[in-house]
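First up is the structure itself, then whatever we jot down about it.
Just so it is clear, none of the values below were taken in a lab; they were calculated from the coordinates. This one's a predicted model, so the numbers in the text were calculated from it and none came from an experiment. Don't worry about glycine lacking a Cβ; one is built from the backbone with ideal geometry, like all the others, and counts go over all protein chains shown.
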Amino acid sequence: MLYIVIPVHNRREMTKECLLSLQNQTVKNFKIIIVDDGSTDGTSEMIKSEFPEVILLNGDGNLFWTAATNLGVRYAMNHQATYIMTLNDDTIPFEDFIEKMHYWTSKRKNALLGALSLDISSKKPIYGGAINDWKWNKIKYLLDEIEENDQHGIHRVTHFPGRGLFIPVQVFEKIGLFAEKVLPHCTADYDFTQRATRKGFEIYCNYDAKLYMYPEENADFHNRKKKSLNGYYYHLFGMKGGGNLKTFTTYALRNCPPKYLPYFLLSGYFRRIFGYFVK
């Protein structure tokens with residue numbers, strides 16, 4: 001059984017649209033877990049009223065992405081899940097999304113599968129996985145490398161965000177849950193998939209499983225759009241800051257090969273400290 005885990009907080013209408021898209025899937029053999037982390041906009045009430053089939057778990061507003069996701073994952077594992085998908089509420093999966101995930105997981109039973117993300121406004125692909133280069137601290141984005149005619153099927157990647165990530169339950173059994181104590185919000189998904197890779201699990205972007213996303217809903221997007229000194233501080237030290245130095249350091253120490261770590265840290269600090277006012 002597939003369980004879909006969706007952490008939410010104060011985005012009632014967006015959560016509703018996401019759930020409606022899951023109701024319209026071409027296959028129905030899955031269950032949905034919503035982890036509402038202290039919403040005050042009526043999200044939980046809407047779910048109880050309009051989506052009674054959804055499993056609703058509640059937090060107190062202090063879980064953030066990682067602990068909220070882990071709460072749902074634990075529930076799923078305790079109820080005989082064979083696959084778990086992490087999904088964000090600011091996404092709208094295509095109608096055949098689950099069908100296409102099931103198809104490719106039948107071909108790669110122990111692999112993690114991510115989804116191709118498209119901009120809800122332009123309808124164009126904006127994220128299709130990446131290859132990490134630890135030595136030079138660079139990321140090669142597959143959408144820049146793969147010709148449009150070849151953007152289908154599955155493509156190997158080194159890591160993936162939790163936005164539509166299809167995970168065999170044995171991955172959790174072997175490597176544990178997301179690192180909520182040290183990475184409470186940002187990069188916990190990248191850290192998880194890096195750990196999975198080191199334990200021998202393959203990771204692919206499934207270009208046949210597509211979802212729409214709202215790029216402007218990203219907290220870092222808003223912060224960079226209206227640059228300020230307060231925004232700069234948030235960028236470097238805020239829980240959801242895109243350049244959070246503590247988060248970056250923790251992620252690097254946990255995942256970067258030791259021989260590349262000095263350059264990776266120095267170049268990463270430089271980009272985060274000076275990049276806010278450039279990008």
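Can you list residues from other chains, or at least 5 along the same chain, whose modelled amide H is less than 5 Å from the amide H of G59?
Here D36, D37, G38 satisfy the definition.
Straight distance only, please: which lysines reach the Cα of K199 with their own Cα at less than 26 Å, same-chain residues fewer than 8 apart left out?
Straight-distance partners of K199: K100, K107, K109, K135, K138, K140, K174, K181, K246, K259.
Using the count of nearby Cβ atoms within 10 Å as a rough guide to exposure, how do F51, F264 rank from fewest to most?
F51, F264
In the Gaussian network model of the chain, springs joining C-alpha atoms below 10 Å, which of Y214, Y83, Y103 carries the largest mean-square fluctuation?
Judging by the Gaussian network model, the answer is Y103.
Along region 72-83, what does the Karplus equation 6.51 cos²θ - 1.76 cosθ + 1.60 (θ = phi - 60°) give for ³J(HN,Hα), rounded to whole Hz, x for Gly and Pro?
x, 5, 4, 4, 4, 5, 6, 10, 6, 5, 9, 9
Sort the following peptides by mean Cβ neighbour count (other Cβ atoms within 10 Å, averaged over residues), highest first: 116-126, 235-245, 188-198.
188-198, 235-245, 116-126
Only Lys, Arg, Asp and Glu count, each charged at its Cβ (+1, +1, -1, -1), so figure out the dipole size of the chain about its Cα centre, rounded to 20 debye.
1180
Take every Cα pair under 8 Å in region 2-217 that's 6+ residues apart, average their separations, divide by the length, and report that relative contact order as a whole percent.
26
Which of V27, V171, V35 moves the most in a Gaussian network model of the chain with Cα springs under 10 Å?
Maximum among the listed residues: V27.
Determine the gain in length on full extension of the stretch R198-T82; use 0.36 nm per residue of separation and subtract their C-alpha separation, reporting nm with one decimal.
Result: 39.6 nm gained on full extension.
Taking the Cα centre of each part, how many Å lie between region 70-146 and region 156-218?
The two parts, judged by their Cα centres, are 7 Å apart.
Enumerate the amide H contacts of I4 below 5 Å, restricted to partners 5 or more residues apart or on another chain; note that Pro and chain-start residues carry no placed amide H.
Counting only residues 5 or more places away or on other chains, the set is K31, I32, I33, M85.
Could you tell me the relative contact order of region 220-275? Use alpha-carbon pairs under 8 Å, at least six residues apart, and round to a whole percent.
The normalised contact order for region 220-275 reaches 25 percent.
Would you please give the FRET efficiency between Y103 and E216, computed as 1/(1 + (r/R0)^6) with r the Cβ-Cβ distance and R0 = 35 Å, to the nearest 0.05?
So, using R0 = 35 Å, E works out to roughly 0.65.
Calculate, in nm to one decimal, what V278 and L229 gain on full extension: separation in residues at 0.36 nm each, minus their alpha carbon distance.
Value of the extension gain: 16.3 nm.
Which of I55, I146, I154 moves most in a GNM of the chain, Cα contacts under 10 Å?
Maximum among the listed residues: I146.
Pop out the ³J(HN,Hα) list for region 190-204 in order, Karplus 6.51 cos²θ - 1.76 cosθ + 1.60 with θ = phi - 60°, rounded to Hz; leave Gly and Pro as x.
3J(HN,Hα) across region 190-204, in whole Hz: 4, 4, 4, 6, 5, 4, 4, 4, 5, 8, x, 8, 8, 10, 10.
Of I175, I92, M213, whose Cα points farthest to the positive end of the dipole of region 2-217 (charges on the beta-carbon: +1 Lys, Arg; -1 Asp, Glu; origin at the Cα centre)?
The residue sitting farthest along the positive end of the dipole is I175.
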